[in-house]
Amino acid sequence: MTDFGFTRAKSSTVNLDEVDTSLYRRILQVEPDVRRCMECGSCSAVCTAAPLSGMSVRKVIHALERGVDIAPMLSGCMLCGKCTMVCPRGINTRHLILSLERYYKKEEKA
Ligand code: SF4
Ligand code: SF4
């Protein structure tokens, strides 16, 4: 095969039939508003923690929907609530983060 000096990027396709979305379904029971997210990124744009830790509620929701582990992302959140104030869909993003943290704390105890 000819060497062009570069390779194709690995596919980022997610097969939703194969990933574990149980956490997303569980979170929807306590935070049903998450369904309304349109991934506009307003929450991430104003996030106090974003420049320091890469925190992004948009990414958290995106990853949740795709069954990706989001625990490492949550640690950067300062719970300031700015993301909640700007969400055009009225999602209480701060409360979502608290619910996710509660879930992970329960998992640790179990
Ligand atoms: S601001 Fe609201 S609608 Fe926009 S990405 Fe964040 S959570 Fe989703
Ligand atoms: S509550 Fe957390 S995610 Fe939302 S703006 Fe503040 S630091 Fe960022």
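Across the stretch 49-92, the number of residues qualifying as more than 27 Å from D17 (Cα to Cα) and out of contact with any Lys or Arg (no Cβ under 7 Å at 6 or more places or on another chain) comes to 19. The residues of the stretch 55-103 that are surrounded by fewer than 20 Cβ atoms within 10 Å (Cβ to Cβ), under 14 Å from I27 (Cβ atoms), within 11 Å of ligand 2 (Cβ to nearest atom) and within 9 Å of the chain's Cα centre (by Cα) amount to a single one, L74. Please verify whether the stretch 36-44 includes one or more residues that are surrounded by 15 or more Cβ atoms within 10 Å (Cβ to Cβ), over 23 Å from S12 (Cβ atoms), at pLDDT 95 or above and within 13 Å of ligand 2 (Cβ to nearest atom). Taking every residue of the stretch 36-44 in turn, at least one turns out to be surrounded by 15 or more Cβ atoms within 10 Å (Cβ to Cβ), over 23 Å from S12 (Cβ atoms), at pLDDT 95 or above and within 13 Å of ligand 2 (Cβ to nearest atom). So which residues in the stretch 86-110 are within 14 Å of ligand 1 (Cβ to nearest atom), part of a helix (DSSP H, G or I) and either over 23 Å from A45 (Cβ atoms) or in contact (Cβ under 8 Å) with a residue 24 or more places away in the chain (or both), if there are any at all? Residues satisfying the conditions are V86, T93, H95, L96, I97, S99, L100. Against the criterion of being among the aliphatic types (A, V, I, L, M), at pLDDT below 95 and within 17 Å of S99 (Cβ to Cβ), A50 does not qualify. Here G54 meets the list (1) touching a residue at least 60 places away in the same chain (Cβ under 8 Å); (2) more than 14 Å from ligand 1 (Cβ to nearest atom); (3) of a type outside the set (D, E) almost entirely, failing just condition (1).
The values are calculated or read from the model by the stated rules, or taken from the named source; none is laboratory data. Values in this document were obtained by computation on a predicted structure and should not be read as measured data. Quick reminder, even Gly has a Cβ in these numbers, built from the backbone with ideal geometry, and neighbours come from all protein chains shown.
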